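Notes for the one structure printed next.
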Amino acid sequence: MLAARMHGYKQPLVIEDIKVPEILADQVLVRVGGAGMCRSDVQLIDGYFAEALQTKFPITPGHEIAGLISAIGDRVPESTQLAIGDQVVVAAGWGDSICRQCRLGNEQLCEHGSWPGFGPPGGYAEYVPVPYRQLIKIQHRLKWEELAPLTDAGVTPYRAIKKLRAAGVLGPDRVMAVFGASGLGSYAVQYAKLLSAGATVVVFARNDEKLAIAKERGADFTINTRGKSLADLHDELFKLTGKRKIDAAIDCVGAAETIQTGIGLLATAGAFVSVGLVGTRIDIPLFPFTAGELTYHGSFWANYADLQEVLALAQQGKIQHSIKKIRFQDVNENLEILRAGEIIGRAVIVFDVDADAAPDTDANTAQKPASAA
Ligand code: FEH
Ligand code: ZN
């Protein structure tokens with residue numbers, strides 16, 4: 001099979017012909033239909049996670065994975081009802097299943113866990129082995145480019161906005177801000193509308209083309225922040241909403257400026273949630289934070305249940321996508337465009353796999369592990 005792999009940091013991926021992976025008894029072999037390209041993939045390639053992950057080369061990136069089941073290990077329980085030909089997505093936090101966070105359902109937070117594409121082989125390949133517990137079957141089939149990004153870009157802001165909702169800062173007469181209008185941001189604006197019970201949603205970004213998409217996705221107002229001071233942004237917000245401050249913010253960028261701007265715009269007792277990871281540090285003025293009783297939340301990726309909720313919304317046609325379809329052989333070129341922040345929406349590698357392909361064998365029949373090609 002073809003795979004695009006890292007053999008070192010800060011180098012282009014090498015597209016190579018390698019053996020189809022053999023699966024373990026509790027694994028399923030997924031023929032990859034779509035693999036989303038995330039900014040974290042660029043960071044992985046640049047060595048941002050080198051110390052934390054200590055991963056050995058070669059590494060096959062790609063943690064937004066959707067595909068068809070092509071083989072099922074001998075010890076995959078029949079009760080999973082997984083069958084050859086099923087359309088599935090891969091839930092990405094693979095925990096040890098025994099720690100507190102795993103038992104609470106937050107496997108993506110497991111200290112002993114792993115993430116596909118950051119150690120275990122990811123979706124920048126034609127096939128990927130996946131523990132059966134991490135698959136979610138899609139009942140109403142979706143296009144690859146609309147399905148794969150839901151496993152990260154399309155679910156990470158969903159979990160984060162649920163935290164703002166739980167913090168009690170959303171609702172009528174509230175202003176909710178979304179920072180960033182690209183991969184995560186174009187989904188975030190939709191969840192902001194869906195989950196904020198009537199709050200006014202304002203999207204802040206530096207690119208007019210991305211802001212126009214945010215408007216199409218439901219933003220009540222958009223503000224281009226380029227070259228503007230905090231005072232300018234308070235003024236512009238007032239002109240648009242009648243309020244100088246925001247009650248809630250999700251930061252899909254994670255740059256020093258978006259954090260400082262977002263916190264700087266927060267009203268008393270407002271809440272801010274970070275999902276973007278462009279920068280490395282949080283630096284905010286302490287007195288206004290404490291005296292204003294502001295709240296800062298981190299929110300990492302999403303758990304299985306969050307993903308099930310988002311998949312249900314998508315299968316009901318309630319989520320719109322902003323996608324750039326990529327051919328597998330163009331992966332390196334598009335990683336560079338991603339690095340420059342110039343992808344509009346989410347880039348998704350789409351393989352030549354028919355999403356509607358009928359199962360080629362009896363449903364629920366366990367298959368022997370795929371033999372090496
Ligand atoms: C994955 C692994 C490590 C850091 C960040 C990520 C994100 O892409 C998940 O939202
Ligand atoms: Zn990601």
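General observations
- Residue 227 vs. criteria in contact (Cβ under 8 Å) with a residue 12 or more places away in the chain and either buried (at least 24 other Cβ atoms within 10 Å of the Cβ) or out of contact with any helix residue (DSSP H, G or I) (no Cβ under 9 Å at 6 or more places or on another chain) (or both): no
- Among the candidates 177, 181, 166, the residue that is surrounded by fewer than 23 Cβ atoms within 10 Å (Cβ to Cβ) and away from ligand 2 (no atom under 14 Å from the Cβ) is uniquely 166.
- Count - residues of region 290-337 that are of a type in the set (A, V, I, L, M), in contact (Cβ under 8 Å) with a residue 24 or more places away in the chain and closer than 16 Å to residue 152 by Cα: 9
- If you go through region 17-45 and pick out every residue that is exposed (fewer than 14 other Cβ atoms within 10 Å of the Cβ) and either within 16 Å of ligand 2 (Cβ to nearest atom) or in a strand (DSSP E or B) (or both), you end up with 1.
- Tallying residues that are surrounded by fewer than 24 Cβ atoms within 10 Å (Cβ to Cβ), in contact with a strand residue (DSSP E or B) (Cβ under 8 Å, 6 or more places away or on another chain), more than 22 Å from residue 351 (Cα to Cα) and touching a residue at least 60 places away in the same chain (Cβ under 8 Å) within region 89-118 yields 0.
- Residues of region 1-16 that are among the small types (Gly, Ala, Ser) and assigned to a strand (DSSP E or B): 3, 4.
- Output for region 48-76, where each listed residue is modelled with pLDDT of 95 or more and either under 19 Å from residue 307 (Cβ atoms) or within 16 Å of ligand 1 (Cβ to nearest atom) (or both): 59, 60, 61, 62, 63, 64, 65, 66, 67, 68, 69
- Test: residue in region 183-202 that is within 16 Å of ligand 1 (Cβ to nearest atom), at pLDDT below 95 and polar (S, T, N, Q): no
The values are calculated or read from the model by the stated rules, or taken from the named source; none is laboratory data. The structure displayed is predicted, hence computed values, not measured ones. So basically every Cβ, Gly included, is an ideal-geometry build from the backbone, and we count neighbours across all protein chains shown.
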